[in-house]
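The values are calculated or read from the model by the stated rules, or taken from the named source; none is laboratory data. Computed from a predicted model, the values in this text were never measured in an experiment. Counting neighbours? That spans all protein chains shown, and the Cβs are built from the backbone with ideal geometry, glycine included.
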Amino acid sequence: MVAIILGGYLALALLVNLLLGCGFDWSTTFSEAAKERAPLIDGIHSYQSIKEVRESLRGAYASWYGPEAYGEEKWESARKPPFRVQWVSLLDYSHVGFSGELTLWFYNNRLAETRFTAGNFGAFVEALAKQLPGLVTDKKEDRIAPYARVSVSKESGVFVGWQDARLAKEGSLWTCLYSSD
């Protein structure tokens with residue numbers, strides 16, 4: 001009988017450790033939109049739905065509608081919350097006077113991240129640093145606004161990314177809790 005009780009306590013302790021180790025927050029739904037949206041790039045904000053972003057860019061970027069510029073990964077189960085990642089590339093985007101490709105990443109129909117790759121990347125980063133002081137530093141990322149962060153990547157592709165830290169954390173939490181099933 002003692003072994004059963006100790007086993008139950010051990011199982012409970014392991015579950016609590018897993019949840020705390022993943023940074024579990026009981027209020028996380030994996031699908032709600034936050035009331036406060038973070039600015040990402042050119043007036044586009046985190047937590048906008050695909051429809052909202054598409055409507056704000058309608059007509060400006062024909063490449064949005066091309067099937068070769070669209071991708072999706074989806075995991076659905078009755079036992080797990082939704083996990084759907086969708087991305088769209090705008091091949092003819094312009095930011096701070098530089099042409100390039102803008103990729104929009106949506107997590108459960110909420111804009112989570114934007115990535116811009118310019119043709120002349122070094123000159124683009126210099127121009128962007130004038131708008132975002134401190135961008136070109138030894139740090140991997142800089143925080144702008146309360147939830148947004150911007151990073152310069154030269155390792156896994158050359159791009160500047162704007163990301164909502166809350167959605168990044170939520171995606172990591174989902175992976176920690178449900179990906180091993």
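Numbers below:
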{"read-out": "Residue count, region 97-117 (criterion: farther than 28 Å from SER172 by Cα and touching a Ser or Thr at 6+ places or on another chain (Cβ under 8 Å))", "value": "1"}
{"read-out": "Residue count for region 138-148, restricted to those that are at pLDDT 65 or above and either in contact with a Ser or Thr (Cβ under 9 Å, 6 or more places away or on another chain) or among the acidic types (Asp, Glu) (or both)", "value": "2"}
{"read-out": "Residue check for LEU135: over 14 Å from the mean Cα position of the chain (by Cα) and either modelled with pLDDT under 80 or of a type in the set (S, T, N, Q) (or both)", "value": "yes"}
{"read-out": "Those residues of region 100-113 which are out of contact with any Gly (no Cβ under 7 Å at 6 or more places or on another chain) and closer than 12 Å to VAL160 by Cβ, in sequence order", "value": "GLU101, LEU102, THR103"}
{"read-out": "Any pair with Cβ under 7 angstrom, 6 or more apart, that starts in region 148-177 at a residue that is more than 12 Å from TRP105 (Cβ to Cβ) and ends at one that is basic (Lys, Arg) and surrounded by fewer than 18 Cβ atoms within 10 Å (Cβ to Cβ)", "value": "ARG149/ARG143; SER151/LYS140"}
{"read-out": "All positions within region 92-109 that are touching a residue at least 40 places away in the same chain (Cβ under 8 Å) and either surrounded by 23 or more Cβ atoms within 10 Å (Cβ to Cβ) or among the acidic types (Asp, Glu) (or both)", "value": "LEU102, LEU104, TYR107"}
{"read-out": "Every residue from region 110-119 that is of a type outside the set (D, E, K, R) and surrounded by 17 or more Cβ atoms within 10 Å (Cβ to Cβ)", "value": "LEU111, ALA112, THR114, PHE116, THR117, ALA118"}
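A quick yes/no check of all residues on (1) among the polar types (S, T, N, Q); (2) in a strand (DSSP E or B); (3) modelled with pLDDT under 85; (4) within 17 Å of the chain's Cα centre (by Cα):
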position	(1), (2), (3), (4)
LEU40	no, yes, no, yes
GLU55	no, no, yes, no
LYS74	no, yes, yes, yes
ALA78	no, no, yes, no
SER94	yes, yes, no, no
LEU104	no, yes, no, yes
ARG115	no, yes, no, yes
ALA123	no, no, no, no
